[in-house]
Amino acid sequence: MGFDARLRLFSSLFFAVGISMALVIVNTTLIRDDNPEGMDSAAVNAIAAAGATVALTVPFIPWHRCPRDAYFVVPVAATLLIALCTYFSGGWDSFAYRLYVLVALLYGLYFPARLVVSAWDVRDTTGGSEPTAL
């Protein structure tokens with residue numbers, strides 16, 4: 001099993017961690033006392049089901065037939081699901097925005113910097129001037 005295949009497996013594990021975190025928090029009393037009116041638990045459960053579907057299909061897609069950057073679809077789907085989960089769980093005051101860390105970790109591990117940060121020149125880190133477009 002190559003490095004790319006292992007990272008695709010880790011992405012399914014990241015999905016599992018995020019889904020289980022969402023299901024446990026929404027369906028238990030961990031945060032219900034803090035913001036009960038701002039959370040739509042049925043919508044978050046549906047989003048978790050969609051995330052589980054994505055996580056279960058990732059290992060069965062023949063990624064070796066596609067270009068390496070075609071895998072970009074999976075973290076983009078995760079970002080969209082997290083955005084929906086954040087919206088339906090009460091916005092930025094909810095637990096869900098913390099799930100972006102998992103997607104950012106996957107972006108950083110799997111994709112080259114030219115794909116993740118393609119719009120900005122990150123060589124100027126002195127803070128003295130605005131970044132220039134590539």
Going through segment 49-64 in order, the residues found to be at pLDDT below 85 and surrounded by 14 or more Cβ atoms within 10 Å (Cβ to Cβ) are TRP63
If we keep only residues of segment 110-126 that are at pLDDT 55 or above and outside any helix (DSSP H, G or I), then the residue surrounded by the most Cβ atoms within 10 Å (Cβ to Cβ) is PHE111
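This table checks each residue for (1) under 30 Å from TYR71 (Cβ atoms); (2) surrounded by 17 or more Cβ atoms within 10 Å (Cβ to Cβ); (3) at pLDDT 85 or above.
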position: LEU7; (1), (2), (3): yes, no, no
position: PHE10; (1), (2), (3): yes, no, no
position: SER20; (1), (2), (3): yes, no, yes
position: ILE25; (1), (2), (3): yes, yes, no
position: LEU30; (1), (2), (3): no, no, no
position: ASP33; (1), (2), (3): no, no, no
position: GLU37; (1), (2), (3): no, no, no
position: ALA43; (1), (2), (3): yes, no, yes
position: ILE47; (1), (2), (3): yes, yes, yes
Of the residues in segment 85-109, those that are touching a residue at least 60 places away in the same chain (Cβ under 8 Å), hydrophobic (A, V, I, L, M, F, W, C) and either in a loop (DSSP other than H, G, I, E, B) or touching an Asp or Glu at 6+ places or on another chain (Cβ under 7 Å) (or both) come to PHE95
By residue number, the members of segment 55-66 that are closer than 12 Å to ARG8 by Cα and of a type outside the set (S, T, N, Q) are ALA55, LEU56, VAL58, PRO59, PHE60, ILE61, PRO62, TRP63, HIS64
Whether any residue in segment 65-81 is modelled with pLDDT under 85, in a helix (DSSP H, G or I) and farther than 24 Å from PHE3 by Cβ is what I want to check.
no
The residue that is surrounded by the most Cβ atoms within 10 Å (Cβ to Cβ), considering only those in segment 65-109 that are within 15 Å of ALA55 (Cβ to Cβ) and among the small types (Gly, Ala, Ser), is ALA78
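The values are calculated or read from the model by the stated rules, or taken from the named source; none is laboratory data. As the structure is a prediction and not an experimental result, all values here were calculated from the model. Note: ideal-geometry Cβ built from the backbone for every residue, glycine included; neighbour counts use all protein chains shown.
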